[in-house]
Amino acid sequence: MKDCDHIDRLIERLEPLSHVDIDRDVEGIIDRIAGINKRIKRGMDATLAEHGLTHPDWQVLTTLRLWRSDHRSSPGELASDLELSSGAMTSRLDRLEDSGLVRRLRDPDDRRGVVVELTEDGKRAWDEAASVQGRREAFFASALTKPEQQQLNVLLRKLMVAFEVRESAQPEAAEAAPPSR
């Protein structure tokens, strides 16, 4: 092999264990995705730290910036979208509001309700961090040509769609192991 990585060396160590039901190609795919994910996450951690944000902050800002055309949502909808308790969401919103990235407004349709809105500072913080992270991610992918990036995207999409179909069909069994052979 011309270009070997540490995953290749790990897979070589599996060779004498032929009695263990591990497909070496699958193992390579999974371990490489996990290793790449770890490196991307480290890059994201650095980006967020540079912008004074945390992953929880980023999740709320991203939901408001990308999934709501008016950049508004109720705290309950945000909590549901992010699979959080109302207490955890309140804590996140308090921190973001104290930082001037979101504001709580009275719900115009329900005087008892509250709407969370992304502020201009919140939009700017998200846009700046997203731009930096976009450049980092482009650097990560730069080892591939544009056609290779597109091919990898097609293959990863195929895997993701298969997971999503399984999860929607049987949510409780989505992560279960297949029956033994």
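Has the range 57-79 got any residue that is assigned to a strand (DSSP E or B) and either hydrophobic (A, V, I, L, M, F, W, C) or over 25 Å from the mean Cα position of the chain (by Cα) (or both)?
No, the range 57-79 has no match at all.
Considering every residue within the range 153-169, establish whether at least one is part of a loop (DSSP other than H, G, I, E, B), modelled with pLDDT of 90 or more and surrounded by 11 or more Cβ atoms within 10 Å (Cβ to Cβ). Full working, then the answer.
Looking only at the range 153-169, we keep the residues that are part of a loop (DSSP other than H, G, I, E, B), and these are none.
Within the range 153-169 (the criterion being part of a loop (DSSP other than H, G, I, E, B), modelled with pLDDT of 90 or more and surrounded by 11 or more Cβ atoms within 10 Å (Cβ to Cβ)), the answer is no, since none of the residues qualifies.
Take the range 61-97 and flag every residue that is within 20 Å of Glu120 (Cβ to Cβ), surrounded by 13 or more Cβ atoms within 10 Å (Cβ to Cβ) and not hydrophobic (A, V, I, L, M, F, W, C). Quick ask: steps written out before the conclusion?
Just the residues of the range 61-97 that are within 20 Å of Glu120 (Cβ to Cβ), to begin with: 61-73, 78, 92-97.
Subset that is surrounded by 13 or more Cβ atoms within 10 Å (Cβ to Cβ): 61-65, 68, 71-73, 78, 92-93, 95-97.
Answer for the range 61-97, where residues must be within 20 Å of Glu120 (Cβ to Cβ), surrounded by 13 or more Cβ atoms within 10 Å (Cβ to Cβ) and not hydrophobic (A, V, I, L, M, F, W, C): Thr62, Thr63, Arg65, Arg68, His71, Arg72, Ser73, Arg92, Arg95, Glu97.
Filter the range 98-113 down to the residues that are farther than 20 Å from Ala130 by Cα and either at pLDDT 95 or above or surrounded by 13 or more Cβ atoms within 10 Å (Cβ to Cβ) (or both) and list them by number. Spell out how you get there, then give the answer.
Going residue by residue through the range 98-113, those that are farther than 20 Å from Ala130 by Cα are 98, 103-113.
Within the range 98-113, Asp98, Arg103, Arg104, Asp107, Gly113 meet the criteria.
Within the range 100-142, work out how many residues are touching an Asp or Glu at 6+ places or on another chain (Cβ under 8 Å), in a helix (DSSP H, G or I) and farther than 16 Å from Thr54 by Cα.
Within the range 100-142, residues that are touching an Asp or Glu at 6+ places or on another chain (Cβ under 8 Å), in a helix (DSSP H, G or I) and farther than 16 Å from Thr54 by Cα number 0.
Looking at the range 108-123, can you tell me whether even one residue there is out of contact with any Leu (no Cβ under 9 Å at 6 or more places or on another chain), of a type outside the set (Phe, Trp, Tyr) and closer than 28 Å to Ile36 by Cα? Working first, answer last.
Applying the first criterion (out of contact with any Leu (no Cβ under 9 Å at 6 or more places or on another chain)) to the range 108-123 yields 108-113, 120.
Right, trim to of a type outside the set (Phe, Trp, Tyr) and you get 108-113, 120.
Next cut, closer than 28 Å to Ile36 by Cα only: none.
No, every residue in the range 108-123 fails to be out of contact with any Leu (no Cβ under 9 Å at 6 or more places or on another chain), of a type outside the set (Phe, Trp, Tyr) and closer than 28 Å to Ile36 by Cα.
The values are calculated or read from the model by the stated rules, or taken from the named source; none is laboratory data. The structure displayed is predicted, hence computed values, not measured ones. Positions of Cβ are generated from backbone atoms using ideal geometry, with glycine treated the same way; all protein chains shown enter the neighbour counts.
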